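Chemist: Got a structure for you, questions after.
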Amino acid sequence: MEEKLTHIDEAGNVVMVDVGHKPATLRKAIVKARVILNANTYALLTKNALPKGDVLTTAKIAGIMAAKKTWELIPMCHPLFLSKIDVRLEPVPQDLTIEIEAEARTIGQTGVEMEALVAAQVAAMTIYDMCKAVQRDIRITDCRLVHKSGGKSGEFNEEL
């Protein structure tokens, strides 16, 4: 079976996929990303001593809020009823990083990969925004889908 792009019709026009005929199933996606800081910024963040306040709580809330608006940001995304959004942020001292894991779930006719991706990226950008007063060369890296389940294409797990 030849793979094809789902958001392009036979004439090459951009289209929103019609999911009306698909059965509603439990859908889940998990995305990971990381934010790399310098030693000073990492120390300030983990001591909750940055000028803008509690970075990790703010990033978590920002990621959750962003996931709920994914359909407004990505043109061909469907508005979804999200049954769960969680953004987990873990400081990793040996790497001076903040590991982000965003999880999205729904029972619906289309997947939640984009919602998890948007949640992770906005959480990462919020960390950048709240730390930029003390560091400008913060790096946001390694954003990727690590798990997807539900729907016709079945389960996907990142190969390590």
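A short reminder: the numbers here are calculations on the coordinates, not readings from a lab. Computed from a predicted model, the values in this text were never measured in an experiment. Here the Cβ positions follow ideal geometry from the backbone for every residue, glycine too, while neighbour counts run over all protein chains shown.
Chemist: Once both labels are modelled 7 Å past Cα along the beta-carbon direction, what's the V15-S83 spacing in nm?
Modeler: Going by the 7 Å Cα→Cβ label model, 3.0 nm.
Chemist: Modelled label-to-label distance, M65 and T25, 7 Å Cα→beta-carbon offset: nm?
Modeler: My value for the distance between the label points is 3.5 nm.
Chemist: Quick one, could you list the DSSP H helices from the chain stretching 18 Å or more along their long axis (Cα atoms) with average Kyte-Doolittle hydropathy of 0.5 or above?
Modeler: Sorted by number, the helices that extend far enough and score high enough are 55-68, 113-131.
Chemist: Based on the alpha carbons, how large is the Rg to Rh ratio for the range 25-157 when Rh follows Kirkwood?
Modeler: Value, to two decimals: 1.02.
Chemist: Do the alpha carbons of any pairs in K28/K52; K32/K152; K68/K132; K47/K148 sit beyond 31 Å of each other, and which pairs?
Modeler: Flagged as over cut-off: K28/K52; K47/K148.
Chemist: Scan the chain and report its longest stretch carrying no trypsin sites (Lys or Arg not before Pro) that are both in a DSSP loop and have at most 15 other Cβ atoms within 10 Å.
Modeler: Formally, the longest exposed-site-free interval is 70-131.
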